[in-house]
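Taking it in order: structure first as structure tokens, then the write-up.
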Amino acid sequence: MKRIAILGVFLLLGAATLTQAQDRKAAREARRQQQQQQQQVQNAGNFQTAMQALKDSSFVIEVNQIQGQYGKVVYVTANDNFVALNKNTSTVQLAFNNGVPGLNGAGGVTLSGTISDLKIRTDKHGNVTYQYQLQGNSISSTVIITLFNGDNKVSVVLNSTYSNSRLTFFGRLYPASQSDVYKAQPNILIPWGLVN
């Protein structure tokens, strides 16, 4: 009789512990779902803001990854690496922070030019493609920006017009007024006769 009573107490304690564990698991799951819903709402707001910036042709893409033509990925700082568009002028800046000042004084290059042949299209998944030709003193490229549906994440492909080279940037698109990138001086082009 005593054994049955002890066994009953242990069963009751085990059931109470199991109920507590299930309650904690349910609370954790509810908290996780709430966080996911908040993130989805924030991402949707970011996407709408990015879409408006594309329509206004006034945006900055803060780049955090650069992928070369053969697939090598380099992680960079978003403050120094960007693609910007302001109405009909576009700027592409690369700065690798490797200790070498580069042509722009920030460890890379800063290329600017005017745009033409602007095309905007949306695919069946809601991804937006923004494409234009960029022509400047030191650059001639086709720029293809893909804004992924549901967030302000983008990929930017630069296809050179003269050489068959390609660079792909990954980052986030912001309205120009909300970005605080550092624009270095434009490339300094020194006539070859003055170097010797």
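Some points to look at:
Quick grid of which residues meet (1) free of Cβ contacts under 8 Å to residues at least 60 places away in the same chain; (2) in a loop (DSSP other than H, G, I, E, B); (3) in contact with a strand residue (DSSP E or B) (Cβ under 9 Å, 6 or more places away or on another chain):
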residue	(1), (2), (3)
Val109	no, no, yes
Ser112	no, no, yes
Ile120	no, no, yes
Lys124	yes, yes, no
Tyr130	no, no, yes
Ser138	yes, yes, yes
Val143	no, no, yes
Asp151	no, yes, yes
Val156	no, no, yes
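- Selected residue (criterion: surrounded by the most Cβ atoms within 10 Å (Cβ to Cβ)) from residues of region 158-172 that are out of contact with any Leu (no Cβ under 6 Å at 6 or more places or on another chain) and in a strand (DSSP E or B): Phe169
All of the numbers you see were taken from the coordinates with simple rules; none came from a lab. A quick note: this is a predicted structure, and the numbers were derived from the prediction, not measured. Backbone-built Cβ (ideal geometry, glycine too); neighbour counts: all protein chains shown.
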